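**Student:** The structure that follows is given in the form of structure tokens.
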Amino acid sequence: MTAGFVHAFRMLRWGRTLARHGALREIEIAPQTPPLLRRIAKLARFGTGAPKTPHYADAFQALGPAAIKLGQALATRPDLVGPDAAKDLTRLQDNLPPAPFAAVKASIEEAFGVPLESLYSRFDEVPVGSASVAQVHRAVTTDGRAVAVKVLKPGIEADFARAIETYEWAAVRAETIGGELARLRPRATIAYFRRWVERELNLRMEAASASELAAALTPETGFVVPEVDWARTSRRVLTIAWIDGVKLTDLAAVDAAGIDRKLLSQTLVRSFLRQAIGHGFFHADLHQGNMFALPDGRLAVVDFGIMGRINRQARLWLAEILHGLLTGNYARVAEIHFEAQYVPPHHDMAEFETALRSIGEPIRGLPVKDISIGNMLDGLFAVTRQFDMVTQPHLLLLQKTMVMVEGVALALDPDVNMWEISGPFVGDWMRDELGPEAVIADRLVEGARALAGLPDLLRRLEATVPNPGAAPPLPPLAPLPIRRETSRTAWLLLGAGIGVGLGWLAMTL
């Protein structure tokens, strides 16, 4: 267990770096900031020459790999860091110098217990990409298949473990302050971040995510998930099929290749809806750098380290919320928030309905292509503080991904009609999930499960109830009084009883 003064020293060092980039100014001016924290932020900035405009992304970049990942996670939390900081953190580039090839080769050979040459007939020593956690090399397997090999950087697990331990230490102390900090649940945020990092540091889990996503998107023939080479995949090494395509960061090259950008945009939106709403399991890092346009017009995706998952009930609520905001059914949207316990019950539902109306009315009557999902969700989350809504990190990850998908789709096709593409899919899904047939099917499934559980229930009852002829159950007895100390008389009686017992024993021997 790391000592508290070690955590405090790390926090001071990191705080000084953040202050030097002006990243603590928001803490200084925010009215919700506790006075002590405000004074610490001002002290950390003293003598740094911090810029007036904060450079959040640069600050987290300077702090190293773990901070880069934390910054990317905080980019999904405008409620926690503020909208300006969240927007700037989206600039974080996960590009760092690569590890030496000798270390990469040793890591692969240690993972599989065989020489590198027995796995790959060709292995490029210079990586095609190097991020904070891992780097990717192009290779050819011994059976002639072109692959991408992702290898964790040496010592990265220990670096992240140290940083996350300090994040958790700081989150506990922040939450104990109470008030606004408690409502924002910093401990839950760091807990989600830990799970996120643990997945990224286990490349076998990333391979499983790619496999699961590929199975879920089988109906989307225009969306490609590269195949995993399980024989060459371990906890520290991931081998997948090589993608020959054009990155969506280079739209000029996409145009030069004659690829239909409008079709790519439609494929992206439809495939994301199938992931998030249809299956509740979605790629949560769908930026341009992780997607490729293939020569045949299909869309391919890589990097499955960050995945989101929401259960069926949450998906139903989310679909009803979006539908209710668009149709003006604010009463139902308010009911959902109280049913889901997103809003504490001491608030007035009618007041919350009015707040929702302030979000929905400005977009009603607009052409559907002019309605931004991102702006609508931003407005919805803006009322969280007013109604003490406890943060739901899993929904914030979905929100961030929806905004990201919308941005990429618009970059591919500025005239894309998000609602026209999503409408039929969402409508069919809601009809299947909320229609009378779905209700009847759910009740039948519940009844079948109850019937299937009857034999087990009977066995447990038989084990609990005595067989005929056994001792009858005791009559109900009053509970023994609970006393904090035994009285003097009770001690005397107990001593006398012990003495009589010992005397009788001595006479019989």
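**Student:** Taking only the range 143-158 into account, find how many residues are within 32 Å of the chain's Cα centre (by Cα) and open to solvent by 70 Å² or more (accessible area, probe 1.4 Å).
**Tutor:** Matching residues across the range 143-158 total 1.
**Student:** Hey, among the residues in the range 192-212 that are closer than 26 Å to VAL81 by Cα and free of Cβ contacts under 8 Å to residues at least 12 places away in the same chain, which one's surrounded by the fewest Cβ atoms within 10 Å (Cβ to Cβ)?
**Tutor:** Initial filter on the range 192-212 (closer than 26 Å to VAL81 by Cα): 192-201.
Next, only the ones that are free of Cβ contacts under 8 Å to residues at least 12 places away in the same chain stay: 195, 198.
Details: ARG195: 11, GLU198: 13.
Per the criteria, the residue is ARG195.
**Student:** Could I ask something else about it? Among the residues of the range 318-344, count how many are outside any loop (DSSP other than H, G, I, E, B) and either under 18 Å from PRO362 (Cα atoms) or within 18 Å of the chain's Cα centre (by Cα) (or both). Quick ask: steps written out before the conclusion?
**Tutor:** The first filter runs over the range 318-344 and keeps only residues outside any loop (DSSP other than H, G, I, E, B), leaving 318-327, 330-339.
From the residues that got through so far, the ones that are either under 18 Å from PRO362 (Cα atoms) or within 18 Å of the chain's Cα centre (by Cα) (or both) too are 318, 321-327, 330-331, 333-334.
Summing the residues that are outside any loop (DSSP other than H, G, I, E, B) and either under 18 Å from PRO362 (Cα atoms) or within 18 Å of the chain's Cα centre (by Cα) (or both) in the range 318-344 gives 12.
**Student:** When you look at ALA231, is it farther than 28 Å from THR33 by Cα, under 22 Å from the mean Cα position of the chain (by Cα) and at pLDDT 90 or above, yes or no?
**Tutor:** Details: farther than 28 Å from THR33 by Cα: yes; under 22 Å from the mean Cα position of the chain (by Cα): no; at pLDDT 90 or above: yes.
Judged against the criteria, ALA231 is not a match.
**Student:** Could you tell me how many of the residues in the range 225-242 are of a type outside the set (Ser, Thr, Tyr), in a loop (DSSP other than H, G, I, E, B) and in contact with a helix residue (DSSP H, G or I) (Cβ under 8 Å, 6 or more places away or on another chain)?
**Tutor:** Kept after step one, since they are of a type outside the set (Ser, Thr, Tyr), are these residues of the range 225-242: 225-232, 235-238, 240-242.
Those left that are additionally in a loop (DSSP other than H, G, I, E, B): 225-227, 229, 235-236, 242.
Imposing the further condition that a residue be in contact with a helix residue (DSSP H, G or I) (Cβ under 8 Å, 6 or more places away or on another chain) reduces the set to 225-227, 235-236.
Result for the range 225-242: 5.
**Student:** Can you pull out the residues in the range 18-36 that are at pLDDT 80 or above and over 27 Å from the mean Cα position of the chain (by Cα)?
**Tutor:** So in the range 18-36, the residues at pLDDT 80 or above come out as 18-23.
Selection gives ALA19, ARG20, HIS21, GLY22.
**Student:** If you don't mind, another one. I want to confirm something. Restricting to the range 234-258 and keeping residues that are at negative phi and without any contact (Cβ under 8 Å) to a residue 24 or more places away in the chain, which single residue is nearest to the chain's Cα centre (by Cα)?
**Tutor:** Taking the range 234-258 and keeping what is at negative phi, we get 234-257.
Filter once more, so that each one left must be without any contact (Cβ under 8 Å) to a residue 24 or more places away in the chain: 250, 252-253, 255-256.
On the way: ASP250: 29, ALA252: 33, ALA253: 33, ASP255: 34, ALA256: 37 Å.
Out of the qualifying residues, it is ASP250.
**Student:** Let me ask something additional. When the residues of the range 36-59 are narrowed to those that are part of a helix (DSSP H, G or I) and touching a Lys or Arg at 6+ places or on another chain (Cβ under 9 Å), which ends up surrounded by the most Cβ atoms within 10 Å (Cβ to Cβ)? So that I can check it myself, show each step before the final result.
**Tutor:** Just the residues of the range 36-59 that are part of a helix (DSSP H, G or I), to begin with: 36-45, 56-59.
In the following step, the residues that additionally are touching a Lys or Arg at 6+ places or on another chain (Cβ under 9 Å) were identified as 41, 44-45, 56-59.
Details: ALA41: 21, ALA44: 23, ARG45: 21, TYR56: 26, ALA57: 22, ASP58: 17, ALA59: 24.
Residue satisfying both the conditions and the ranking: TYR56.
**Student:** A further question follows. Across the range 189-224, which residue is nearest to THR142 (Cα to Cα) among those that are outside any loop (DSSP other than H, G, I, E, B) and among the polar types (S, T, N, Q)? Can you show your working first?
**Tutor:** Going through the range 189-224, the residues outside any loop (DSSP other than H, G, I, E, B) turn out to be 189-200, 203-216, 223-224.
Narrowing further to those that are among the polar types (S, T, N, Q): 189, 209, 211.
Working: THR189: 44, SER209: 25, SER211: 23 Å.
Filtering first and then ranking leaves SER211.
**Student:** If you don't mind, there's one more thing I want to ask. Determine which member of the set ALA62, ALA86, ALA106 is of a type in the set (Gly, Ala, Ser) and open to solvent by less than 40 Å² (accessible area, probe 1.4 Å).
**Tutor:** Numbers: ALA62 fails: open to solvent by less than 40 Å² (accessible area, probe 1.4 Å); ALA106 fails: open to solvent by less than 40 Å² (accessible area, probe 1.4 Å).
Exactly one of ALA62, ALA86, ALA106 is of a type in the set (Gly, Ala, Ser) and open to solvent by less than 40 Å² (accessible area, probe 1.4 Å), namely ALA86.
**Student:** Can I ask one more? Residues in the range 124-142: is at least one open to solvent by 20 Å² or more (accessible area, probe 1.4 Å), outside any helix (DSSP H, G or I) and small (Gly, Ala, Ser)?
**Tutor:** Within the range 124-142, one or more residues are open to solvent by 20 Å² or more (accessible area, probe 1.4 Å), outside any helix (DSSP H, G or I) and small (Gly, Ala, Ser).
**Student:** Do we have any residue at all in the range 104-114 that's free of Cβ contacts under 8 Å to residues at least 24 places away in the same chain and under 18 Å from the mean Cα position of the chain (by Cα)?
**Tutor:** Checked against the condition, which is being free of Cβ contacts under 8 Å to residues at least 24 places away in the same chain and under 18 Å from the mean Cα position of the chain (by Cα), the range 104-114 yields no hits at all.
The values are calculated or read from the model by the stated rules, or taken from the named source; none is laboratory data. What you see is a predicted model, and the numbers here were worked out from it, not measured in a lab. Ideal geometry is used to build each Cβ from the backbone, glycine not excepted, and the neighbour counts take in all protein chains shown. Remember, those area values only see protein heavy atoms, side chains included, never the ligands or the DNA or RNA. Shrake-Rupley method; radii C 1.70, N 1.55, O 1.52, S 1.80 Å.
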